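Read the structure below first, then the notes.
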Amino acid sequence: AFDDFHVIQDAPKLEEVIDQLIVAVEDMAETKTGALIAIEQGTGLAEIISTGTQLDAVITSALIENIFFKNSPLHDGAMIIADNRIKAAGCILPVAQNATLPKDMGLRHRSGLGMSLETDALVIIVSEERGKISVAHKGKLSVNVTAEELQQILSGEREVTNYC
């Protein structure tokens, strides 16, 4: 694992939180439900959290999927996870302006990449159009990420690399 990267600080909760995230992300990819989830690292995300609806909720796959459900009032925008909790939903992320992303990647991917350029947050993106999972971190974007690869990224065993 790389030293500066800790998705979840509290080791006993790590596995449960990762499992809940992976179940939700896999389900949303399968149903082509668009999602944008930013996980706070060292850089505080209070400013981003303030752009959405503030929550303080336990991370469960059911809640994540409910928030991103197409007609939910909070489905547009990003969910912020910090301190093992869902802190906010419907948040506005900075958009990567001049990123050379493939044409089939829209605002959700630009926002995920933009967030990863401006903060050290790890951002999970689920494409509504393609039903594929991407992960942005430190200005890099991995696309077509499998559940196993996502688990490795979230547990710090794998780095995000461009377009793997």
Inset, instruction - With respect to Ala89, determine if the residue is in contact (Cβ under 8 Å) with a residue 40 or more places away in the chain, surrounded by 21 or more Cβ atoms within 10 Å (Cβ to Cβ) and assigned to a strand (DSSP E or B). - result: no
Legend entry - Any chance Ser111 is open to solvent by less than 40 Å² (accessible area, probe 1.4 Å), outside any loop (DSSP other than H, G, I, E, B) and either polar (S, T, N, Q) or more than 25 Å from Asp19 (Cα to Cα) (or both): yes
Legend entry - Residues being within 20 Å of Lys13 (Cα to Cα) and assigned to a strand (DSSP E or B) - total across the range 38-61: 6
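Inspect the range 132-141 for any residue being surrounded by fewer than 23 Cβ atoms within 10 Å (Cβ to Cβ) and of a type in the set (A, V, I, L, M) and give the result as yes or no. Outline the logic, then answer.
First, pick out the residues of the range 132-141 that are surrounded by fewer than 23 Cβ atoms within 10 Å (Cβ to Cβ): 132, 138-140.
Subset that is of a type in the set (A, V, I, L, M): none.
No: the range 132-141 contains no residue that is surrounded by fewer than 23 Cβ atoms within 10 Å (Cβ to Cβ) and of a type in the set (A, V, I, L, M).
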Inset, instruction - Of the numbered conditions (1) touching a strand residue (DSSP E or B) at 6+ places or on another chain (Cβ under 9 Å); (2) at pLDDT 95 or above, Glu47 fails exactly one; give the number of that condition. - result: (1)
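The values are calculated or read from the model by the stated rules, or taken from the named source; none is laboratory data. No experiment lies behind these values; they were computed from the predicted model shown. Note that we place each Cβ from the backbone using ideal geometry, even for glycine, and neighbour counts take in every protein chain shown. SASA here: full protein model, heavy atoms, side chains in, ligands and nucleic acids out. Shrake-Rupley method; radii C 1.70, N 1.55, O 1.52, S 1.80 Å.
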